[in-house]
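Q: The structure follows.
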Amino acid sequence: DDSLIINHDADYNKLQIEETSYAVLQQFTLSNGEKLPTLREYLLAGMNGNKHTRLVLEIKPSDMGEVRAIKMVDAVVALVQSLQAEPYIVYISFDYNMMLRLKQLVPDAPMQYLAGNKTPAQLQADGITGLDYQYKVFEKHPEWISSAKQLGLVLNAWTVNKAEKMDELLKLNFDFITTNEPEMLLQKQQKAK
């Protein structure tokens, strides 16, 4: 159906999300007992009393083709706009065509591409505001770091959980570091100041 939901993977409880109605999906609770959240619920909760935190909204690629992918982007943007959530949102995606559609719909929105197969110059030419690449991409292409900085693009690396890699990226002045160890990263950031 047309429900926009929050889930990391393409499947939930062994069901393909794009092929399963939300009515069926919500019958299965999360490990903490809560129901599978909708994007609307995520946005409303994220905006409630929020004065400082950006909401990272990843739009997953569609296995059902380009038409479905564009329809999904359109629906996400329409929901964000209807809730007046634009100031909170940073869009990310692995699907470059989805990024280009976002750029058409919300040209000034912050957006970062995830797949790691585009140069900073390509991203800048298409109006994509940042690189959010797996840290190993930057190890293969260290020149992309200085190039991105020169072009005014946001630099983000994921998923960095080792202390040594955090130190390295902090020395390189990455704008963001995605981690499963936020306390460790925060301590390292504070020491680096």
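The values are calculated or read from the model by the stated rules, or taken from the named source; none is laboratory data. Values in this document were obtained by computation on a predicted structure and should not be read as measured data. Cβ coordinates were reconstructed from backbone atoms using ideal geometry, including for glycine residues, and neighbour counts include every protein chain displayed. Heads up: the accessible areas ignore ligands, DNA and RNA and are worked out on the full protein's heavy atoms, side chains in. Shrake-Rupley method; radii C 1.70, N 1.55, O 1.52, S 1.80 Å.
Q: Considering the range 63-111 alone, what residues qualify as being over 15 Å from the mean Cα position of the chain (by Cα), part of a loop (DSSP other than H, G, I, E, B) and either of a type in the set (Asp, Glu) or at pLDDT below 95 (or both)?
A: Within the range 63-111, ASP63, MET64, GLY65, ASP108 qualify.
Q: From (1) at pLDDT below 95; (2) touching a Ser or Thr at 6+ places or on another chain (Cβ under 8 Å); (3) surrounded by 12 or more Cβ atoms within 10 Å (Cβ to Cβ), pick out the condition that doesn't hold for ASP1.
A: (3)
Q: Please enumerate the residues belonging to the range 7-29 that are in contact with a strand residue (DSSP E or B) (Cβ under 9 Å, 6 or more places away or on another chain) and either closer than 19 Å to ALA75 by Cα or part of a loop (DSSP other than H, G, I, E, B) (or both). Steps first, please.
A: Taking the range 7-29 as the starting set, the residues that turn out to be in contact with a strand residue (DSSP E or B) (Cβ under 9 Å, 6 or more places away or on another chain) are 8, 10, 12, 17, 20, 22, 24-26, 28.
Result: HIS8, ALA10, ILE17, THR20, TYR22, GLN26, PHE28.
Q: While we're here: Filter the range 25-44 for residues that are open to solvent by 90 Å² or more (accessible area, probe 1.4 Å) and free of Cβ contacts under 8 Å to residues at least 40 places away in the same chain and give the result. Walk me through it before giving the result.
A: Taking the range 25-44 first, the residues open to solvent by 90 Å² or more (accessible area, probe 1.4 Å) are 27, 31-32, 34, 40.
Matches in the range 25-44: GLN27, SER31, ASN32, GLU34.
Q: For the range 148-162, which positions are open to solvent by less than 30 Å² (accessible area, probe 1.4 Å) and in a helix (DSSP H, G or I)? Steps first, answer last, please.
A: Taking the range 148-162 first, the residues open to solvent by less than 30 Å² (accessible area, probe 1.4 Å) are 148, 153, 155-157, 160.
Answer for the range 148-162, where residues must be open to solvent by less than 30 Å² (accessible area, probe 1.4 Å) and in a helix (DSSP H, G or I): just ALA148.
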